[in-house]
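Report on the structure given below.
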Amino acid sequence: MVRTIKLNDGKEIPSVAWGTASGGMFGPNPIVVDRGAYALKQGIPHLDTAQVYRNEVQTGEAFKKSGLKREDVFITSKIGMDQRMKTTHEHVKKQVQDAVERLGLIPDAYLIHNPFIPEEGKIVKFWSILESLVEDGTLKGCSLGVSNFREVDLEELLKHCKIKPTMNQIEMHPYVMSHLDAVFAIHKEHNIISAAYSPQAPLNLHPTGGPLKPVLEKIAAKYSKETGKEIDPHTVLLLWIRGKNAIAVTSTATPERIDKLAALDKLPDLFKEDVDEIERVGRTIYWRANKSHMTKDRPVPDLPDGTSS
C-alpha cells in the first residue's frame, strides 16, 4: 500500500518521490527512462522533474516504459529555467504547453521552481496565469504549487490567489530547521504541504555528517533490531521526513538504492521521541546544501555549521 498525503485541493500525493535532478541524471539522459521506469515498477509511483533539469521528455518516456496506468502514477514538474521569465499570459502558456508536450501528459502537480522565475514584482500575476491555465484545461486537473518560496513570497501570493499552493518544495532536513520556522508557520496556517528535496544531505553532502551522524546511527541500530530489517541512517532521515508529514523527494540511479527507497513504505514510523531528538540535535547547527534561493534577503541563524571536528 503506497503511503500518501492529502493536499489542500483534496488530491492524494505519494509521500516519496523519485527525483531526476541528481545521480548523473541531469539533462536529456536515457538513464532517466530506464531508472524512472524501474522506480515506478518497484513501487515508487511518484516522479519529480522540472524544466531546468532538461529531462521532462525522458520522464514521460519512463512512465510509458513502466506500463503502468496513468491514474496510478503521480508526476510533478516545475516551470522555469535559470533566469526570470517574461510574465505575460501568452509566454507562460507557451512554456506550459511545451512542458506538457515534452512530458506527453499533463502533470499531476506543477510548481513555480523559485520565486525569481516571474519578472520582479510579478509573482501574483504569474500565479494567476497558471490558475487560468487550470481553468481553461491546459493544466486540467493539475495541482499548483511552489518551490523555494520564502515566507515573504508565500505571504504575497496568499493575499491574492484564487487557488492556494498545495505544496512548497524546499531543501528540508534537520540542519535547516532553524531557518524555516516562519515558512512552516505559513504552511501550517494554509495547509500547504512541505516537500523535502535533499532530505539526506546531512549524510550525503555535509563534510563530516555533523552532530546528527551518531544519533542517526544509534536510531538506525535500534529500529534494525526491533524490525529485523536492515535500516541505515539514510533511511532514518527519510523516516524523519515522514514523521514531519512531508514529501521526501530523493534521487538515485542505483537499482539497489531504488529498491531500498521502494521498501520505505513498509517500514514503521519513527517514535515521536526519535523524531524530536533528531530535530533537536539538528537545530544545534545551521547548514544547507543549496544556498541560492532560501538565503536571499533572509538572515541565516547565528549557529555553527558543524563542519569543524
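Of the conditions (1) more than 30 Å from G306 (Cα to Cα); (2) touching a residue at least 24 places away in the same chain (Cβ under 8 Å); (3) not β-branched (V, I, T), D98 satisfies every one except a single condition; which number is it? Unmet condition: (2).
Residue check: is L239 crowded, with 21+ Cβ neighbours inside 10 Å, free of Cβ contacts under 8 Å to residues at least 60 places away in the same chain, out of contact with any helix residue (DSSP H, G or I) (no Cβ under 6 Å at 6 or more places or on another chain) and among the hydrophobic types (A, V, I, L, M, F, W, C)? Taking the combined requirement at face value, the residue satisfies it. Selection of first residues in the stretch 152-172 that are farther than 11 Å from I186 by Cα and of second residues that are aliphatic (A, V, I, L, M) and surrounded by fewer than 17 Cβ atoms within 10 Å (Cβ to Cβ), restricted to Cβ pairs under 6 Å at least 6 apart or on distinct chains, gives the following pairs, ordered by first then second residue: H160/V124.
At pLDDT 95 or above and not in a loop (DSSP other than H, G, I, E, B): is that true of A263 in this structure?
Numbers: at pLDDT 95 or above: yes; not in a loop (DSSP other than H, G, I, E, B): yes.
Taking the combined requirement at face value, the residue satisfies it.
Taken over the stretch 187-215, residues that are closer than 21 Å to S15 by Cβ and either more than 15 Å from the chain's Cα centre (by Cα) or not in a helix (DSSP H, G or I) (or both) amount to 15. Applying the criterion of being crowded, with 20+ Cβ neighbours inside 10 Å, touching a residue at least 40 places away in the same chain (Cβ under 8 Å) and not hydrophobic (A, V, I, L, M, F, W, C) to the residues of the stretch 62-86, the residue that is farthest from A99 (Cα to Cα) is T76.
In this structure, does K93 turn out to be at pLDDT 95 or above and not in a loop (DSSP other than H, G, I, E, B)?
Numbers: at pLDDT 95 or above: yes; not in a loop (DSSP other than H, G, I, E, B): yes.
Yes.
The set of residues from the stretch 267-285 being part of a loop (DSSP other than H, G, I, E, B), in contact (Cβ under 8 Å) with a residue 40 or more places away in the chain and more than 11 Å from P211 (Cα to Cα) comprises L267, P268, L270. Going by what's in this entry, would E155 be described as over 20 Å from the mean Cα position of the chain (by Cα), surrounded by fewer than 19 Cβ atoms within 10 Å (Cβ to Cβ), among the charged types (D, E, K, R) and closer than 17 Å to Y53 by Cβ? Judged against the criteria, E155 is not a match. Look at the stretch 209-232: where a residue is over 15 Å from E273 (Cβ atoms) and free of Cβ contacts under 8 Å to residues at least 60 places away in the same chain and a partner is exposed (fewer than 13 other Cβ atoms within 10 Å of the Cβ) and not acidic (D, E), sitting 6+ places away or on another chain with Cβ atoms under 9 Å, you get T227/P268; K229/K266.
For the stretch 140-148, does any single residue satisfy the condition of being surrounded by fewer than 19 Cβ atoms within 10 Å (Cβ to Cβ) and under 30 Å from D297 (Cα atoms)? There is no residue in the stretch 140-148 that is surrounded by fewer than 19 Cβ atoms within 10 Å (Cβ to Cβ) and under 30 Å from D297 (Cα atoms).
The residue of the stretch 286-309 that is farthest from K213 (Cα to Cα), among those that are within 22 Å of the chain's Cα centre (by Cα) and either outside any loop (DSSP other than H, G, I, E, B) or of a type in the set (G, A, S) (or both), is S292.
On the stretch given as the stretch 198-218, residues that are hydroxyl-bearing (S, T, Y) and in contact with a strand residue (DSSP E or B) (Cβ under 8 Å, 6 or more places away or on another chain) total 1.
The values are calculated or read from the model by the stated rules, or taken from the named source; none is laboratory data. What you see is a predicted model, and the numbers here were worked out from it, not measured in a lab. We place every Cβ from the backbone using ideal geometry, glycine too, and count neighbours over all the protein chains shown.
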